[in-house]
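The values are calculated or read from the model by the stated rules, or taken from the named source; none is laboratory data. All of these numbers come straight from a predicted model, not from anything done at the bench. Glycine gets a Cβ as well: all are built from the backbone with ideal geometry, and neighbour counts include every protein chain shown. Note: areas computed on protein heavy atoms with side chains; ligands, DNA, RNA excluded. Shrake-Rupley method; radii C 1.70, N 1.55, O 1.52, S 1.80 Å.
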Amino acid sequence: MTKTNLLSDQVNDKPAGFLVFFGTFVDTPKLGELRIREKTSVGVFDGIIKFINTNSLDPIKDCLSYDTSLSPEDVTVVEVTEKDTTQIDGFYFPGFVDTHNHVSQYPNVGIFGNSTLLDWLEKYTFPIEAALANENLAKEVYNKVISKTLSHGTTTVAYYNTIDLESTKLLAQVSSLLGQRVFVGKVCMDANGPAYYIEDTKTSFESTVKAVKYIRETLSDSLVNPIVTPRFAPSCSRELMQQLSKLVGEEDLHVQTHLSENKKEIQWVQDLFPECANYTDVYDKYGLLTEKTILAHCVHLTEAEARVVKQRRCGISHCPISNSSLTSGECRVRWLLDQGINVGLGTDVSAGHSCSILATGRHAFTVSRHLAMKEADRVKLSVSECLFLATMGGAQVLRMDDTLGTFEVGKQFDAQLIKTDVPGSNVDMFSWQLQGTNQMQEQKRDVYKNPPLLTKEDIIAKWFFNGDDRNTIKVWVSGRLVHQT
């Protein structure tokens, strides 16, 4: 038996033998439900959760009971040691899912000028994406973004790249090397682009086919998936969308695109596609709305459009930071959820100024409060609901909720280890706030003389609002350690 405290394995080493993780596990199996399981052992083999035992007394015995052919030497214990069993000092949380990230735009993070969507694309976005046809520049950017997202606990990302085939292959390679679970999309753009950054229809389609073939057959990494990526309706001809739709059906591929982000964009789409009833109808008419379609933004959807999104079982990526930064609007997330539409979170780098899904979740929380000031209290999102969107909600959008998003037997072990008391942490808690046995007894004796104690839910909320990558100590993807501080 090997026993480790917070795990000392080398990053990116393949997990050896049977792993059992021991400590407190927190997840959100349902919208609004925060599940906290303490003194729990989770057995993992070949990246898959094999058993979960709550109120565990001995994680090694749990393993040997699960599989009697194992000996103690076959098992590695990964243990979080807590200062006090009545408080949460460290806990495991599912890996975050980023459903919308423009990896190629990362060098522009924090650069907006006074732009809104369409002029921002022209001034900032298209030039930086075109520049990443340079392999050296692209490799530097991809390594930075993937390493940074992993450091923030993001284990699964849907990436938009550029129109360049070779740089898209490179993104897939770097993702595989660093061990992140990804969807890699070569952007398709055969209309309404600048002369220096546009494709003809034939090239756009054929290079997409080549990207899919390369990722699936040549790279052949189960963590790296292709995704068809028409940038948005104004940048794609009818012919291209129809060809991509056929490819999606034949190869059972995911799709990602933008929808109803900005009011000027919506009017532009109506002018370009007068035969369609609305923006959503463009994608529906040309075959791009499937149960594996991720629609980013959806800020200004009409009732009729929402019904089509629900009928086609598409998922929506809520990108609150970019929607605010580009003054696009405030997405009505509660309204979407009430209709049974799956919603996850997207950083939307670089219109979103952070690679952190935790920061994105905080902004989603705040945007819902802004909406509540105009509508009703019920549109507010709670901490647990935002954490759901960050994990299980994102998994639902990707149609991977049977394998990701929570800690359940049979699911992939995609996880992050959170410690609230690391040096320099922005999560400040005082010893007299924490629920040690003596403090709890004293609190009951005289509640008026003693400061309020923090519940476990309070501690998780403090992490949600104040935490950052300093608190993310370890990250695993499919049982493989891919980041450690």
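Of the strands (runs of 3 or more DSSP E) lying entirely inside region 1-117, the ones with 3 or more residues being under 30 Å from residue 263 (Cα atoms) and modelled with pLDDT of 90 or more are found at 96-102.
Pick from 124, 106, 159: which is among the hydroxyl-bearing types (Ser, Thr, Tyr), within 17 Å of the chain's Cα centre (by Cα) and open to solvent by 10 Å² or more (accessible area, probe 1.4 Å)?
Details: 124 fails: within 17 Å of the chain's Cα centre (by Cα); 159 fails: open to solvent by 10 Å² or more (accessible area, probe 1.4 Å).
So the residue among 124, 106, 159 that is among the hydroxyl-bearing types (Ser, Thr, Tyr), within 17 Å of the chain's Cα centre (by Cα) and open to solvent by 10 Å² or more (accessible area, probe 1.4 Å) is 106.
Of the set (1) more than 26 Å from the chain's Cα centre (by Cα); (2) open to solvent by 40 Å² or more (accessible area, probe 1.4 Å); (3) of a type outside the set (Phe, Trp, Tyr), all apply to residue 62 but (2).
Consider region 465-485. How many of its residues are open to solvent by 20 Å² or more (accessible area, probe 1.4 Å) and either over 19 Å from residue 89 (Cβ atoms) or outside any loop (DSSP other than H, G, I, E, B) (or both)? Full working, then the answer.
Kept after step one, since they are open to solvent by 20 Å² or more (accessible area, probe 1.4 Å), are these residues of region 465-485: 465-466, 468-470, 478, 480, 483-485.
Those still in the list that are either over 19 Å from residue 89 (Cβ atoms) or outside any loop (DSSP other than H, G, I, E, B) (or both) too: 465-466, 469-470, 478, 480, 483-484.
Within region 465-485, residues that are open to solvent by 20 Å² or more (accessible area, probe 1.4 Å) and either over 19 Å from residue 89 (Cβ atoms) or outside any loop (DSSP other than H, G, I, E, B) (or both) number 8.
So is residue 308 of a type in the set (A, V, I, L, M, F, W, C), modelled with pLDDT of 95 or more, open to solvent by 30 Å² or more (accessible area, probe 1.4 Å) and in a helix (DSSP H, G or I) or not? When the stated conditions are applied, residue 308 passes them.
Go through region 369-389 and count every residue that is open to solvent by less than 40 Å² (accessible area, probe 1.4 Å), touching a residue at least 24 places away in the same chain (Cβ under 8 Å) and either more than 23 Å from residue 152 (Cα to Cα) or of a type in the set (A, V, I, L, M) (or both). Looking only at that region, the number is 6.
Condition first: over 29 Å from residue 144 (Cβ atoms) and open to solvent by 10 Å² or more (accessible area, probe 1.4 Å). Can you find one or more residues in region 323-331 that meet it?
If we filter region 323-331 for residues that are over 29 Å from residue 144 (Cβ atoms), which is where we start, we get 329-330.
Checking which are open to solvent by 10 Å² or more (accessible area, probe 1.4 Å) leaves us with 329-330.
For region 323-331, residues over 29 Å from residue 144 (Cβ atoms) and open to solvent by 10 Å² or more (accessible area, probe 1.4 Å): present.
Here the condition is being among the β-branched types (Val, Ile, Thr) and under 25 Å from the mean Cα position of the chain (by Cα); of 203, 208, it holds for 208 alone.
So, in region 416-436, exactly how many residues are polar (S, T, N, Q), out of contact with any Phe, Trp or Tyr (no Cβ under 9 Å at 6 or more places or on another chain) and in a loop (DSSP other than H, G, I, E, B)? Walk me through it before giving the result.
Just the residues of region 416-436 that are polar (S, T, N, Q), to begin with: 416, 420, 425-426, 431, 433, 435.
Subsequent filtering for residues that are out of contact with any Phe, Trp or Tyr (no Cβ under 9 Å at 6 or more places or on another chain) retains 425-426, 431, 433, 435.
Still in the list and also in a loop (DSSP other than H, G, I, E, B): 425-426, 435.
Going through region 416-436 one residue at a time, the tally reaches 3.
On the stretch given as region 250-278, residues that are touching a residue at least 40 places away in the same chain (Cβ under 8 Å), buried (at least 16 other Cβ atoms within 10 Å of the Cβ) and closer than 20 Å to residue 348 by Cα total 7. I'd like the full set of residues that are open to solvent by 10 Å² or more (accessible area, probe 1.4 Å) and either part of a loop (DSSP other than H, G, I, E, B) or in contact with a strand residue (DSSP E or B) (Cβ under 6 Å, 6 or more places away or on another chain) (or both), limited to region 390-404. Matches in region 390-404: 396, 399, 400, 401, 402, 403. Taking helices (runs of 4 or more DSSP H) as the structural unit, those lying wholly within region 223-291 and holding at least 2 residues that are of a type in the set (D, E, K, R) and closer than 16 Å to residue 309 by Cα correspond to 279-285. Residues in region 127-156 that are within 20 Å of residue 226 (Cα to Cα) and open to solvent by less than 40 Å² (accessible area, probe 1.4 Å): 129, 132, 138, 141, 142, 145, 146, 149, 150, 154, 155, 156.
When residue 381 is tested against the conditions (1) within 25 Å of residue 475 (Cα to Cα); (2) in a loop (DSSP other than H, G, I, E, B), the lone failure is (1).
Residue check: is residue 341 within 23 Å of residue 396 (Cα to Cα), in contact (Cβ under 8 Å) with a residue 40 or more places away in the chain and either out of contact with any Leu (no Cβ under 6 Å at 6 or more places or on another chain) or surrounded by fewer than 19 Cβ atoms within 10 Å (Cβ to Cβ) (or both)? In short, no. Against the condition crowded, with 21+ Cβ neighbours inside 10 Å and either at pLDDT below 95 or part of a loop (DSSP other than H, G, I, E, B) (or both), how does residue 296 come out, does it pass? So residue 296 does not fit the description; no. Whenever a residue of region 397-409 is within 14 Å of residue 47 (Cβ to Cβ), its partners that are open to solvent by 10 Å² or more (accessible area, probe 1.4 Å) and of a type in the set (Lys, Arg), lying with C-beta atoms within less than 6 angstrom and at least six residues away or across chains, give the pairs 403/411.
Listed residues 247, 219, 178; which is touching a residue at least 60 places away in the same chain (Cβ under 8 Å), farther than 17 Å from residue 129 by Cα and open to solvent by 10 Å² or more (accessible area, probe 1.4 Å)? It would help to see each step written out before you state the result.
Values: 247 fails: touching a residue at least 60 places away in the same chain (Cβ under 8 Å); 219 fails: touching a residue at least 60 places away in the same chain (Cβ under 8 Å).
Of the residues listed, the single one that is touching a residue at least 60 places away in the same chain (Cβ under 8 Å), farther than 17 Å from residue 129 by Cα and open to solvent by 10 Å² or more (accessible area, probe 1.4 Å) is 178.
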